[in-house]
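A short write-up of the structure that comes next.
The values are calculated or read from the model by the stated rules, or taken from the named source; none is laboratory data. Please read all numbers here as calculations on a predicted model, not as lab measurements. Note that each Cβ is placed from the backbone with ideal geometry, even for glycine, and that neighbours are counted across all protein chains shown. Surface accessibility is based on the protein's heavy atoms, side chains included, excluding ligands, DNA and RNA. Shrake-Rupley method; radii C 1.70, N 1.55, O 1.52, S 1.80 Å.
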Amino acid sequence: MENKKANLKNLLTIIGILMVLNFAGNFFFKRFDLTADQRYTLSEASITIIKEVKEPMYVDVFLEGNFPGEFKKLQTETQQLLEEFKAYNPNIIFQFVNPLEKDEEREKIMQSFYERGLTPLNVTMDEKGKQTQEVVFPWAVVTYGNKSTKVPLLKNMMGASTAQKVVSSVQHLEYAFANAFHTVSKTREKKIAIIKGNGELEDRSIADFLKSVRENYYIGPFTLDSVAKDPNNTLQALKKYDLIVIAKPTQTFTDEEKEVLDQFIINGGKTLWLVDQVNMEMDSLMETGENLAYPRDLNLNDMFFKYGVRIQPDLIKDVMATPISLATGQQGSATQYTKFPWLFSPMIYPVETAEKSKMSPIVTNLDGIKFEFTNPIEVLKNDIKKTVLLHSSPYSKSVGTPTEVKLKMVDERPDQKEFTGKGNLPVAVLMEGKFHSVFQNRVLPFKESGFDPIGKDNKMIVISDGDVIKNQLDKNFQPLELGFDKWTNNLYANKEFMMNCVNYLLDDNGLINIRSKEVDLPILDTQKVAEEYTFSQIITVGVPIGILILFGLCFSFLRKRKYSN
């Protein structure tokens, strides 16, 4: 009887403890991430974004169906991350969908996905020696109210295996979803001005960039022509913007225009410079076969010098080059094209540092970026903090101008000794700090009552190539995706790099810093599995069965011995 009372007392005690813990759980929320790389621990920026979601936000993930193990891993990581988001806010509602489940609607659905920019991926399935082709849509769509945006789940990486792409993509997942949640749930507040009036790129040449930026920011053209008539009002109008983008100007800036830009910067305005110091265009070179590259005077040298950099009027030749496609002959009625490495079009990869944690989030986990007729940047000493975001490869060199450039240079075989010790030339630099006005202690081009010689804390990015932001046009003169080369069918990371630059310059909630997150994702070595297949079967299947048989024999022996007496 006493045992029953004791058991009942223990039961009631356990029930009471559980009720107290359950009640406390309504007021205290804590999740434990036992992974070594803390991959399921959301950043403060992500948590801040999803806590502001007050209505149901729907996430449709199209990673469902029959596909290889690498994609299963991506599917699992995506699901676990979304479950983590949902744990913090139940308004995050997600589902995994197989868009091609119904064969009769397959073509229609694929066409609709193409039109929405959700391009599929063809993967090879190898099952018991039989290979089949499957179509995978590594995309998700986030919908909140009447707004929706797409989320790429698989990062493009040229020359990488599917397994390597998956590892890179998993590192990118939290940023991709957090950015999408921010896009559909937040109202646009920041304003971006695209500077016009000095021969900058036409809108159709930067159309894909404009389209992408418009999802999160207000954006509009701002012409400096009015500076000549009314510089003060032009400056006041420009100060209403948070960021200005100067994309490949080709005409000289007047001192009055420079003062307007300078005072915009001094007053805290962010700037993204994409400047060519050499006059050389690929389009004209393809038409004529040869052209003269010569320095371009934009009257900006003193500004850059004062801020802390100098763009040299030279061209960079890089052995790590992107290809161009040239007609090499005819076979029947069809012209034959061959790809050649073009040394004046470097393939730029993010700067590697001894400690990867020191790499800027702007370039973390980025693939190769295509540059074209780019110039080396000299980093000068002053009080401004400078971070070299991108530089040419170790096997590159600077070529002085004027110089003649010919398409037949593709036949040249570069001598490695010619490039040794001359490379690692900066081509993109981030500058942060309090900038000094270029007109400090100088006569002002126009009188301004609020002129400031020293600015507030600010940041700008200088890129020595205007073509980085330029998208190509198709045969109907419609803009293609930024970074896509229609001649070689290669997709470079130009778009991601440009968007990272904009987000870093305007980011107030630290969203861009999520890109620095490192994930150590173990991937099965398929080659090693194939080589040790029999041994692996013995270990994973034979050993457990052997242990079970041994346990059964021992149990039978002991039981027989016990009861035989």
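Of all residues in the stretch 211-226, those being in a helix (DSSP H, G or I), open to solvent by 20 Å² or more (accessible area, probe 1.4 Å) and touching a Gly at 6+ places or on another chain (Cβ under 8 Å) number 1. Condition check for Thr387 on (1) open to solvent by 60 Å² or more (accessible area, probe 1.4 Å); (2) under 30 Å from Ile454 (Cα atoms): one failure, at (1).
Residue count for the stretch 299-358 under the criterion of being aromatic (Phe, Trp, Tyr) and either modelled with pLDDT under 85 or open to solvent by 30 Å² or more (accessible area, probe 1.4 Å) (or both): the result is 4.
Among the numbered conditions (1) free of Cβ contacts under 8 Å to residues at least 40 places away in the same chain; (2) closer than 14 Å to Arg188 by Cα, the only one that Val213 does not meet is (1). The residue that is nearest to Lys239 (Cα to Cα), counting only those in the stretch 183-199 that are open to solvent by 20 Å² or more (accessible area, probe 1.4 Å) and modelled with pLDDT under 90, is Glu189.
For the stretch 45-60, a residue qualifies if it is free of Cβ contacts under 8 Å to residues at least 60 places away in the same chain and either of a type in the set (S, T, N, Q) or open to solvent by less than 40 Å² (accessible area, probe 1.4 Å) (or both), and exactly one does: Ile47. Does at least one position in the stretch 34-57 carry a residue that is modelled with pLDDT of 85 or more, in contact with a strand residue (DSSP E or B) (Cβ under 6 Å, 6 or more places away or on another chain) and not in a helix (DSSP H, G or I)? Yes - at least one qualifying residue is present in the stretch 34-57.
Of all residues in the stretch 358-386 being touching a Leu at 6+ places or on another chain (Cβ under 9 Å) and among the hydroxyl-bearing types (Ser, Thr, Tyr), which is farthest from Ser398 (Cα to Cα)? By that ranking, first place goes to Ser360. If you take the residues of the stretch 184-210 that are in a helix (DSSP H, G or I) and without any contact (Cβ under 8 Å) to a residue 40 or more places away in the chain, which of them is farthest from the chain's Cα centre (by Cα)? Result: Asp203.
Taken over the stretch 227-268, residues that are more than 19 Å from Phe451 (Cα to Cα) and open to solvent by 20 Å² or more (accessible area, probe 1.4 Å) amount to 3. Of the strands (runs of 3 or more DSSP E) contained entirely in the stretch 264-327, those carrying at least 3 residues that are closer than 20 Å to Val410 by Cα fall at 290-295, 315-318.
Within the stretch 61-103, being at pLDDT below 85, in a helix (DSSP H, G or I) and either surrounded by fewer than 19 Cβ atoms within 10 Å (Cβ to Cβ) or aliphatic (A, V, I, L, M) (or both) holds for Gly69, Lys72, Asp103.
Residues that are at pLDDT 90 or above and open to solvent by less than 50 Å² (accessible area, probe 1.4 Å) were ranked within the stretch 144-172; the one that is farthest from Asn299 (Cα to Cα) is Tyr144.
Determine whether the stretch 374-395 contains at least one residue that is touching a Phe, Trp or Tyr at 6+ places or on another chain (Cβ under 6 Å) and hydroxyl-bearing (Ser, Thr, Tyr). Yes: one or more hits.
When the residues of the stretch 458-515 are narrowed to those that are open to solvent by 60 Å² or more (accessible area, probe 1.4 Å), more than 16 Å from the chain's Cα centre (by Cα) and among the polar types (S, T, N, Q), which ends up modelled with the highest pLDDT? Looking at the filtered set, the residue picked out is Gln478. The condition of being over 19 Å from Phe304 (Cβ atoms), in contact with a helix residue (DSSP H, G or I) (Cβ under 8 Å, 6 or more places away or on another chain) and either part of a loop (DSSP other than H, G, I, E, B) or in contact (Cβ under 8 Å) with a residue 40 or more places away in the chain (or both) holds for only one of Phe439, Phe446, that being Phe446.
Being touching a Lys or Arg at 6+ places or on another chain (Cβ under 7 Å), modelled with pLDDT of 95 or more and over 15 Å from Phe435 (Cα atoms) is true of Leu274.
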